[in-house]
Amino acid sequence: MKSKLLAGAAVTAVAAVALTGCSGGEPEASCTNKIVNAEATQVSVWAWYPAFEEVVDLFNESHDDVQICWTNAGQGNDEYTKFSTAIEAGSGAPDVIMLESEVLSSFSIRDALVDLTEHGADEVAADYTEGAWKDVSSGDAVYAIPVDGGPMGMLYRQDILDQYGIAVPTTWDEFAAAAQALKDAGAPGVLADFPTNGRAYNQALFAQAGSVPFEYDNAKPTEIGIDVNDQGSKDVLAYWEGLVDGGLVATDDAFTADYNTKLVDGSYAIYVAAAWGPGYLGGLSDADADAVWKAAPVPQWDPANPVQINWGGSTFAVTSQSKNPEAAAVVAKEVFGTEEAWKIGIEEAALFPLWKPILDSDYFRDLEYPFFGGQQINKDVFLPAASGYTGFTFSPFQNYAYDQLTEQQFAMVQGEKDSATALDDLQASLEKYATEQGFTLK
Amino acid sequence: MTTQTTTAPPPAAVGRSRAPRSGGSTLVRRRQRWGWLFVVPFLVVFALLLIFPLFYAFGMSLFTSTLATGTDFTGLANYGKAFTDPLFLEGMLRVLGFAVVMIPTQLLVALAAALVLDTLVSRLSKLSRLFIFVPYAIPGVIGALMWSFLYSPRFGPGATIFGAFGLPTPEFLAPDSIFGSLVNIVTWQWAGYYMVVIYAALRSIDPSIYEAARIDGANGWQTAIGIKVPMISSSMVMVVMFALIGTLQFFTEPVVLRSVAQGAIDAAYTPNMYAFSLAFSYSQFNYAAAIAFSLGALVFAGSFVFLFLTRKQSGLK
């Protein structure tokens, strides 16, 4: 009887251990890709680039000492949520993580990223433009290696504009006139959409009029400057408020199924987009079969002094949970550091490279895009847009800032407040939040 | 005859169950030991996945962590902040509003369906019972996703149906109508489940009572309102209890709809959503723990008050 009791106890104990086993300790690495060289150091990577598996295979086949173990942990916020939880838990983060440049400060302030200056970041600095490098640096520290960028242009439906006899707008004034003309002509769609949840898109539009919303430097992590209700931002938002009030643009939320369909079925004649926009459009279904897409530079406020803007863009950072930051840094630096990798990135994932050897190549400049009827959109639009980009500083609580911006813009669109009040309220709420979070305002 | 013998406990069993009080034999002690052993796996899981996280979260809520200055012990300061935080309080008021509208709606639908099904005896009634229950078998997130498409002005049937009468397409996801849209999803999902609970209670009523009522001249309506409803009041209390707790913790449906209606549903729409975004979007885990505990306390208090008020109906008194 006693031995039975002991056996029972043992079974229970084993069961208990098995149950707890999954909650503690390092999780077993599960790679989406095949490891070519099993002996080599493995570096776990989270990323959501399209066609990334081929890039990973390319890296693993060409490296004997380091191998990538890749997982797609979700896109954007889905991945950040997991990363954020892993930081709080103290384990579970990958060695290398794909982060948009706008969230780098949000994670570096939590000591979640490794300063890559100690791991040879300087060696590759010359391979990137100044603007791109500024986005991943804070003071002397470098928190990530740039991958792709989002210089902005304007994608438009040539067939719709032709049908209503509207010239392609080059300034925002012409843009407003075109919106009015399209409405007056009784077109079923509108000229464009103004999504209140555009987040980085809205921010980019403000930046074109000189908005510098945040001043932040990791060297002085408790100080922040917030200026979201500057005159430039107010002018831009007032401009869109006018278009919205006149019913000249739609106010659909971006990145919903409705929005995706409207982008390609002719509901919007113009899609003010980043360089990754064409790839986004190409992946959408229910497209208008007769659509004729073209790309043009983004409209300007002052055509004599054009200002180029950027929307999105991503990087590879090394997390502070990495046991082997040296190997992780090699991955971050080299995964998109070959022409072969970039050909996959450009042709299959529609990424805009920040790596100069390919960015400056004739191949990329002269590439013809079938989606745009063979137009060389890089030469025409995105390369000039990228060359004017000087970098941008984001806040260490960017997600909160964007959520607040969405709320205020939505209130404006609903007619609850005017554009100037919306931005003043945004300023007040961000200042309050920053103070609560222990920052001193500059 | 056979049923009677099985329902009555055999005398030997009665004798054994009394044994511990009269001293207890080694046999009983051994049995108890085995009993504990069988309970241990549950206790381990319970302690590990419920009790421990509860204490851990409470511990977290006593600290304040900010982005710029790090973590400090601040005692109950987070709770003071929570109960004066307009976002938390507005969310709390909003879920109370949902409770006031949603619970009676669900209860009425469930009760009406159960009463009708209880009177009908046909193959059709079995089929309808299944159909009313089916939404509950669909996972909450899937159900909400499905509705988000049905509500969409472009993909949903709203434009076609209203268009047929020459009416404009309804904006189910606009700020003014999102409340009703959410009530509709929850009612659709849960009314069937509550219906089954109520229906089961109705089935357990002794039919001879109906016979007596009929002899006394009660018609169908009078039987339903005067006899059936009072006799299942304890089940109804349970249903309201479930619905109350579920509503105060409202989370899944608004989170799913937020992806198509970000303006109408903000990050702090319900207290649970607020705690979630604080922790996972804004990395304020400590304050999120305090919000979660405050919500827990309010749900506990609300349930307690409700059970106290209905102690007569539920048979707790």
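Go through A:Ala411, A:Ala434 for me and flag whichever is among the small types (Gly, Ala, Ser) and touching a strand residue (DSSP E or B) at 6+ places or on another chain (Cβ under 6 Å).
From the options A:Ala411, A:Ala434, the qualifying one is A:Ala434.
Is there a residue being over 21 Å from the mean Cα position of the chain (by Cα) and among the polar types (S, T, N, Q) anywhere in segment A:90-97? Checked against the condition, which is being over 21 Å from the mean Cα position of the chain (by Cα) and among the polar types (S, T, N, Q), segment A:90-97 yields at least one hit.
I'd like to verify a number: residues in segment B:133-179 that are over 27 Å from the mean Cα position of the chain (by Cα) and either part of a helix (DSSP H, G or I) or not assigned by TED's automatic domain parsing to the domain that holds B:Arg258 (or both), how many? Adding up the residues that qualify gives 7. Residues in segment B:42-61 that are more than 11 Å from every other protein chain (Cβ to nearest Cβ) and surrounded by 17 or more Cβ atoms within 10 Å (Cβ to Cβ) were compared, and the one that is nearest to B:Tyr287 (Cα to Cα) is B:Ser61.
Scanning segment B:294-316 for residues that are touching a Leu at 6+ places or on another chain (Cβ under 9 Å) and within 14 Å of B:Asp85 (Cβ to Cβ), we see that the one that is surrounded by the fewest Cβ atoms within 10 Å (Cβ to Cβ) is B:Leu298.
What residue, of A:Thr41, A:Thr12, is among the hydroxyl-bearing types (Ser, Thr, Tyr) and at pLDDT 90 or above?
On the way: A:Thr12 fails: at pLDDT 90 or above.
Testing whether each residue is among the hydroxyl-bearing types (Ser, Thr, Tyr) and at pLDDT 90 or above leaves just A:Thr41.
Can you tell me which residues in segment A:68-87 are within 11 Å of chain B (Cβ to nearest Cβ) and closer than 23 Å to B:Arg258 by Cβ?
The answer is A:Asn77, A:Asp78, A:Tyr80, A:Thr81, A:Lys82, A:Phe83, A:Ser84, A:Thr85.
Entry remark, segment A:365-381: residues being surrounded by 21 or more Cβ atoms within 10 Å (Cβ to Cβ) and touching a helix residue (DSSP H, G or I) at 6+ places or on another chain (Cβ under 9 Å) number 2 in total.
Checking each residue in segment B:254-310 for being more than 9 Å from chain A (Cβ to nearest Cβ) and among the polar types (S, T, N, Q) picks out B:Thr270, B:Asn272, B:Asn286, B:Ser294, B:Ser303, B:Thr310. For segment A:317-326, the criterion of being within 14 Å of chain B (Cβ to nearest Cβ) and part of a helix (DSSP H, G or I) is satisfied by no residue at all. Could you give every pair whose Cβ atoms fall below 9 Å, whose first residue belongs to segment B:211-240 and is at positive phi, and whose second residue is surrounded by 12 or more Cβ atoms within 10 Å (Cβ to Cβ) and not in a helix (DSSP H, G or I), counting only separations of at least 6 or pairs across chains? Between residues of segment B:211-240 that are at positive phi and residues that are surrounded by 12 or more Cβ atoms within 10 Å (Cβ to Cβ) and not in a helix (DSSP H, G or I), there is no close pair. Of the residues A:Val272, A:Val228, the single one that is away from every other protein chain (no Cβ under 14 Å), touching a helix residue (DSSP H, G or I) at 6+ places or on another chain (Cβ under 7 Å) and either part of a loop (DSSP other than H, G, I, E, B) or not aromatic (Phe, Trp, Tyr) (or both) is A:Val228. Taking segment A:330-442 and the helices (runs of 4 or more DSSP H) fully enclosed by it, the elements with 3 or more residues that are outside the structural domain of A:Glu53 (by TED's automatic domain parsing) and modelled with pLDDT of 95 or more are at A:398-413, A:419-436. Selection within segment A:380-416: residues that are over 22 Å from A:Ser314 (Cα atoms), acidic (Asp, Glu) and within 14 Å of chain B (Cβ to nearest Cβ). The member of this set that is farthest from the chain's Cα centre (by Cα) is A:Glu416. With respect to the conditions (1) at positive phi; (2) within 14 Å of chain A (Cβ to nearest Cβ), B:Gly75 lacks only one, and its number is (2). All of (1) buried (at least 21 other Cβ atoms within 10 Å of the Cβ); (2) within 14 Å of chain B (Cβ to nearest Cβ); (3) in a helix (DSSP H, G or I) hold for A:Tyr259 with one exception: (1). Applying the set (1) part of a helix (DSSP H, G or I); (2) at positive phi; (3) charged (D, E, K, R) to A:Asp286 leaves exactly one unmet item: (1). Being away from every other protein chain (no Cβ under 14 Å), touching a residue at least 24 places away in the same chain (Cβ under 8 Å) and of a type in the set (Gly, Ala, Ser) is not true of A:Gly266.
Within segment A:76-90, residues that are over 20 Å from A:Arg199 (Cβ atoms) sit with their Cβ atoms under 8 Å from residues that are charged (D, E, K, R), at 6+ positions apart or across chains, in these pairs: A:Ile87/A:Arg110.
Among the candidates B:Gln262, B:Gln284, the residue that is modelled with pLDDT under 95, in contact with an Asp or Glu (Cβ under 6 Å, 6 or more places away or on another chain) and assigned by TED's automatic domain parsing to the domain that holds B:Ser181 is uniquely B:Gln262. The condition of being out of contact with any helix residue (DSSP H, G or I) (no Cβ under 7 Å at 6 or more places or on another chain) and hydrophobic (A, V, I, L, M, F, W, C) holds for only one of A:Phe206, A:Phe255, that being A:Phe255.
Among the candidates A:Asp159, A:Asp235, A:Asp173, the residue that is more than 22 Å from A:Val413 (Cα to Cα), in the same structural domain as A:Tyr268 (by TED's automatic domain parsing) and part of a helix (DSSP H, G or I) is uniquely A:Asp159.
The values are calculated or read from the model by the stated rules, or taken from the named source; none is laboratory data. Keep in mind the model is a prediction, meaning the values are calculated, not measured. Heads up, the Cβs are rebuilt from the backbone with ideal geometry, glycines too, and the neighbour counts pull from every protein chain shown.
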